[in-house]
1. Go through HIS440, HIS502, HIS485 for me and flag whichever is modelled with pLDDT of 90 or more and open to solvent by 50 Å² or more (accessible area, probe 1.4 Å).
2. Determine, yes or no, whether ASN558 is touching a strand residue (DSSP E or B) at 6+ places or on another chain (Cβ under 6 Å), closer than 27 Å to ALA369 by Cβ and polar (S, T, N, Q).
3. Pull up region 47-91, narrow it to residues that are open to solvent by 20 Å² or more (accessible area, probe 1.4 Å) and of a type in the set (Val, Ile, Thr), then point me to the one that is nearest to ALA117 (Cα to Cα).
4. Kindly establish whether ALA158 is crowded, with 16+ Cβ neighbours inside 10 Å and touching a Phe, Trp or Tyr at 6+ places or on another chain (Cβ under 6 Å).
5. If a residue must be assigned to a helix (DSSP H, G or I) and surrounded by fewer than 24 Cβ atoms within 10 Å (Cβ to Cβ), how many such residues does region 131-149 contain?
6. List the helices (runs of 4 or more DSSP H) inside region 562-648, counting only whole elements, that have at least 2 residues being within 18 Å of ILE446 (Cβ to Cβ) and in contact (Cβ under 8 Å) with a residue 24 or more places away in the chain.
7. Evaluate the following for LYS104: is it open to solvent by 60 Å² or more (accessible area, probe 1.4 Å), of a type outside the set (A, V, I, L, M), touching a residue at least 12 places away in the same chain (Cβ under 8 Å) and more than 22 Å from ALA130 (Cβ to Cβ)?
8. Quick test for you: out of ASN467, ASN453, ASN510, pick the one residue that is closer than 26 Å to ALA431 by Cα and either at pLDDT below 90 or not aromatic (Phe, Trp, Tyr) (or both).
Amino acid sequence: MRRLLPMIAAVALLLSSGCAMVKMKQVATVDQVTLKRSDILNNGKLSALSQESLSVIGLTASACSKDLPACRNTVATVEGLQAEQRLSTLAELWLEEALALTPKAKLGQERDLPANALDAWLETARYSYAYLFFSGRTPAERALEDRLTQVRDYYNYAAEQAASVVFQRSRALAMEGQDFTAPVQVDRWTIRNNFEQLPPMSLPKQLVSASSVSFAGLRSTYRRDGFGAELVLVMENAPLTVPVPVEGGEGTVAETPALPLFSEMPAYNTTVLLNFGGNTLAEVLATREIRLEAYWPDSTSSVTLQGQQVPLAGNFTAAYGVWLAQSGFAGQSLRTLFGRGEGIREPHIYLMQPYDPDRRIIFMLHGLASSPEAWVNMANEIMGDPEMHKNYQVWSVYYPTNAPIALNRYTVSNAFNGTLKHFDPQGTAQASKDMVFIGHSMGGVIARLMLSNSGEVLWDDAVTRFNLQGERLQRVQSRLSPLLHFTPQPNVERAIFIASPHKGTDAASNRLGRLIGKLVRLPLTILGKFGDVFLALQNPDEAGNKPKEPRITTSIDNLKATDPFVEVSSKLPMAPGLKYHSIIANSKATVPTADSDDGLVPYWSSHLDGALSEKVIISGHSVQETPEAVLEVRRILREDLREVNKLD
């Protein structure tokens, strides 16, 4: 025992001398990745790299959290840290304070940050910016480093928070008659706005963070990684609805206001950068001047910052999702169909993005009791494909689906051509050539008629069927003729018909169809200047008088397989050389295709002879929403691009 005492004392002396003891343990892959990637933004704790930097100068994360200003001062002034370590750690420490000072906000709720919170966000952006461009290496030289991604996210998130405050204050100034783009003074900061890169627009009413919202009903979100805050600028919606006059009331067609023919989608994907003045690190850390620069990511993929070309972040889905979520289309389309409350009375063309003369138009037509919302995934998936996005722009029509098909063909054609003429009066732009039409359900029927030649077939049938002669013929001829005489829409190169009842459907004549048909109302506001024409087409009774309660034909009537209009119009020839395709739904896989239907439309009605392709998908009538239909449309459009570009 006496011999052991000196040995124990020697060991104790060695241990007390500060000699470190290193042990090795296995770290799971998941833990390893989490440790590398977690930080104050996604985990509420400082990143491992910031903690290492603090450890180098004798600090800990817990001690720093108790006195962040003192901690930041130490990190900024004590020697022993490299520029990259110092600047990235300061960016994260400022972010920790900004998060602590920022109140939580509910979806769609605007908030004005406290002055100290905004200051912390701007300092976060400043130190992130300094790290990215003034710490010794370019972003390209450390492109694969996790730390670059972390600090870029700090910058982007800080830019988003600052942009929200600047937007609110700029809009408040604009409401008082001042310039929306005027510099904003925020405490010790002067922020100058630059919106020159955005498409021309009116005063925005709302700014939405693309990163803070998700959309039920949208399968995919398409975006591009890079620098900048991904936002959505929301404009005022175009007025589309009109009150339905109460029977015996004062409302008449003449009293209803004129409605716009078209509008660009009232929401814009926008990317915002904060550019700090100065050409050296010292100047950047001392400046109080910031340029807030807004870009449209559809047209700008990269920007030059401090002499370096960097990718611009972009979200290509958010504006579409915000617009649809706020549109109220679902309820409005049903109110229109049943003639209740407020409904649309005439077609309106929506441009899914600002007009581009160099991108070809895809024109989408929805079906019965529907709206542009029917294309939510189809349009998003098409425009999310980089090749599609580069070559096409999507237009979508919203129209009153209770109106007779002949009237809708006429008014949709006029709205479409009026919109084309507005943007391309001479018809020479690429956008006006080689267009593609895509129609679902009744929208496919209307699309096919827009691409067909009526000749005298429909007119002769109407004259015979309604016994138009003498005074009745003269009274309706000039205004009925445009509805029944038409030629194919020019410059349409291809069409895709989806679950379209070209020859009608028996479902419109069954018990449920008859019940719905009775509920459908057709206010005179829908018929517009053609109201008296449709009333004049009512057959006189035996006494030669008009029926007491004449019933005007609706779209539900036109969709019956026995309807005279659909029987005659389904045989009209389409434009020579038009390439067309069919996508057809079969609701029961066990039923042979020839005998199948999608629950509403039978195969024999949606099938078209001469189609270049026919894709049958196991689905219900809303087949346009399925991944299989989207993939088929994308296949057709890629084929279209190869053929058209080869010809060019």
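1. Numbers: HIS440 fails: open to solvent by 50 Å² or more (accessible area, probe 1.4 Å); HIS502 fails: open to solvent by 50 Å² or more (accessible area, probe 1.4 Å).
Answer to the selection: HIS485.
2. Considered against the rule, which asks whether it is touching a strand residue (DSSP E or B) at 6+ places or on another chain (Cβ under 6 Å), closer than 27 Å to ALA369 by Cβ and polar (S, T, N, Q), ASN558 comes out as no.
3. Per the criteria, the residue is THR74.
4. It is true that ALA158 is crowded, with 16+ Cβ neighbours inside 10 Å and touching a Phe, Trp or Tyr at 6+ places or on another chain (Cβ under 6 Å).
5. Applying the first criterion (assigned to a helix (DSSP H, G or I)) to region 131-149 yields 131-134, 139-142, 146-149.
Restricting the remaining residues to those that are surrounded by fewer than 24 Cβ atoms within 10 Å (Cβ to Cβ) gives 133-134, 139-142, 146-149.
Here the count works out to 10.
6. Counting at least 2 such residues, we get 564-569, 603-606.
7. When the stated conditions are applied, LYS104 does not pass them.
8. Working: ASN467 fails: closer than 26 Å to ALA431 by Cα; ASN510 fails: closer than 26 Å to ALA431 by Cα.
Only one candidate qualifies: ASN453.
The values are calculated or read from the model by the stated rules, or taken from the named source; none is laboratory data. Predicted, not measured: the structure shown is a model, and the values here were computed from it. FYI the Cβ positions are ideal-geometry reconstructions off the backbone, even for glycines, and counts take in every protein chain you see. Side chains included, ligands, DNA and RNA excluded: accessible areas come from the protein's heavy atoms. Shrake-Rupley method; radii C 1.70, N 1.55, O 1.52, S 1.80 Å.
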